[in-house]
1. Of the residues in the stretch A:47-86, how many are assigned to a loop (DSSP other than H, G, I, E, B) and either more than 9 Å from chain B (Cβ to nearest Cβ) or in contact (Cβ under 8 Å) with a residue 60 or more places away in the chain (or both)?
2. If you check B:L222 against the conditions, is it touching a Phe, Trp or Tyr at 6+ places or on another chain (Cβ under 7 Å) and under 29 Å from B:G194 (Cα atoms)?
3. Please go through the stretch A:32-46 and give me each residue that is more than 7 Å from chain B (Cβ to nearest Cβ) and in a helix (DSSP H, G or I), ordered by number.
4. Taking only pairs six or more apart or across chains, which ones have beta-carbon atoms under 6 Å, a first residue in the stretch B:27-40 that is within 16 Å of B:V252 (Cβ to Cβ), and a second residue that is in a helix (DSSP H, G or I) and not small (G, A, S)?
5. Can you spot a residue in the stretch B:114-129 that is within 14 Å of chain A (Cβ to nearest Cβ) and over 22 Å from A:R64 (Cβ atoms)?
6. Could you identify the single residue in A:P167, A:P100 that is open to solvent by 20 Å² or more (accessible area, probe 1.4 Å), more than 18 Å from A:V228 (Cβ to Cβ) and either assigned to a strand (DSSP E or B) or modelled with pLDDT under 95 (or both)?
7. Has the stretch A:6-26 got at least one residue that is touching a Gly at 6+ places or on another chain (Cβ under 8 Å) and small (G, A, S)?
8. Let me spell it out: the conditions are (1) part of a loop (DSSP other than H, G, I, E, B); (2) of a type outside the set (A, V, I, L, M, F, W, C); (3) under 19 Å from the mean Cα position of the chain (by Cα), and B:E213 meets all of them except one. Which number is the exception?
Number of protein chains: 2
Amino acid sequence: MIIGDMQRKCGFGLKKVMDAIEAHGGTTLLATGITGDDARLALAAVQAGARLLEPNHPAVALARGHKGVKSMHNAEAIRHEIPFEEMCKVVAGVRAVVGPEIYITVGAPGTFTETMPMPFTDEHAYALASAGADGVHCHKSTYADLKDMVDLCHKYGMLVDAYVAHPSDRHLFGIPAETPAQVAETAKKMQDLGADLIGLMTGMSYEGVAAGEIAKPVRERLEAMLKVVTVPTLAEGGINAVNFKAFRGTGVNILVVGTAFDDIARKAVADTVGVFLQR
Amino acid sequence: MIIGDMQRKCGFGLKKVMDAIEAHGGTTLLATGITGDDARLALAAVQAGARLLEPNHPAVALARGHKGVKSMHNAEAIRHEIPFEEMCKVVAGVRAVVGPEIYITVGAPGTFTETMPMPFTDEHAYALASAGADGVHCHKSTYADLKDMVDLCHKYGMLVDAYVAHPSDRHLFGIPAETPAQVAETAKKMQDLGADLIGLMTGMSYEGVAAGEIAKPVRERLEAMLKVVTVPTLAEGGINAVNFKAFRGTGVNILVVGTAFDDIARKAVADTVGVFLQR
């Protein structure tokens, strides 16, 4: 008796995404990292125009200094230890501050390709939806796991954004596909399985790209994905305030930006400490 | 049988403070706000040279979006609702990231002038010390409450930084004293009660001071305090990266800066969102 309600809820979520894409001329921003989980900076991002936010468990591991972790790479190894309820609290807090119009997709223990057996059940999906999530940021790496996630999330009115990865990625954040043809095939199959938004892991940071350019292999993969996908598309991985320009005009709808925000906030703080200490 | 141990622990804490003051030419920084409770930015502040940090419960209320609170003023009204254990976790997380050399003083439910009956008992002091706090940021507004706090904190090896307030302050963050003579008398009595660091609430923000200047009444109060106090001194309230310069040369040892860091991080994030959205 909640099927219709939750289909409607999914529709509201999708409208938020589509409206943001349209408002920003075809390419909008999904703000994550410190702008996804710290309510002070989530609010600042939203007041500056961001309409999509993503709290996630590795970022919260960094925020909380979990086991003294200092880098995102190391945070990925222990992110599953962040209590699921903690992620629900983060979502609820950010939602309370940014209001109902903002789209929130959430990464939580069990929604990524985890290194330990982290369950994601009806209770988990219900808890995230109840906390205020519109969607789940899914980094599963098999079709079977993605299918389970899509079915569960839809049941509780949440959309799923899922990703195509590269087999050589340091952390596996999606279903791996090597050649552009395989990327197209994978993206198409993800869409057929019901993924509501489909992204490409661009790995910009480790491609060593020049400012404002996308490495050729990344561009070819992106074009392959964009050609077959009809749902909203994303690009994630190493995108910053310089190289993002290369994505404008490719047709990708959403740029996922996290570490770049962390770095910018860190630099602002560090520079100001330097002023106070007159260094 | 822990008295000697804890006296020794207090000595270690004081040495961290004195070393920071000396290293920074007589005036150092106590970084708080987002640099006190977010492990990512606490680490950035420390890497830039900050040696004293202060997580506190109103800032954590903002960080967590508690009840949708968006301003520090409103956070002060509900700060006591942040679970005490949450503050212990924040201290432990920041400590895990910044290491043992950094001085951490903490504001937690019960250490400020709270609007509800918030107990601060042996268990609370023990919990904060165990989490990694070197001191307690005390905003009690009577001598009796300050005395209780000093005795409890010293018992568990923590120093107390306490403050002289102004009777007309919007939020009461210390023992109120109106004239410079009363400030001197109050500060002297606080020192006699065992406060290890003594600060003045400067209310810079609501004095409407010009850049780089201290309003005359604030300067007179500061000079009155500095004349009688022999322990390390602090100035807190509305100090930012412009007006702080006026404090150099007054002889005050520690500038407490929180909201200025929040604002700087917010602006950095907002500006960058603007770049991504090409506004």
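1. Final tally of qualifying residues: 6.
2. In short, no.
3. Of everything in the stretch A:32-46, those that are more than 7 Å from chain B (Cβ to nearest Cβ) and in a helix (DSSP H, G or I) turn out to be A:G36, A:D37, A:A42, A:V46.
4. Final answer for the pair search is B:T28/B:I21; B:L29/A:F276.
5. Checked the stretch B:114-129: no residue is within 14 Å of chain A (Cβ to nearest Cβ) and over 22 Å from A:R64 (Cβ atoms).
6. So the residue among A:P167, A:P100 that is open to solvent by 20 Å² or more (accessible area, probe 1.4 Å), more than 18 Å from A:V228 (Cβ to Cβ) and either assigned to a strand (DSSP E or B) or modelled with pLDDT under 95 (or both) is A:P167.
7. yes
8. Of the numbered conditions (1) part of a loop (DSSP other than H, G, I, E, B); (2) of a type outside the set (A, V, I, L, M, F, W, C); (3) under 19 Å from the mean Cα position of the chain (by Cα), the odd one out for B:E213 is (3).
The values are calculated or read from the model by the stated rules, or taken from the named source; none is laboratory data. Just so it is clear, the model here is predicted, and its values are computed rather than measured. For neighbour counting, all protein chains shown are included, and Cβ atoms are generated from backbone atoms with ideal geometry for every residue, glycine included. What goes into the accessible areas is simple: the full protein's heavy atoms, side chains included, and nothing from ligands, DNA or RNA. Shrake-Rupley method; radii C 1.70, N 1.55, O 1.52, S 1.80 Å.
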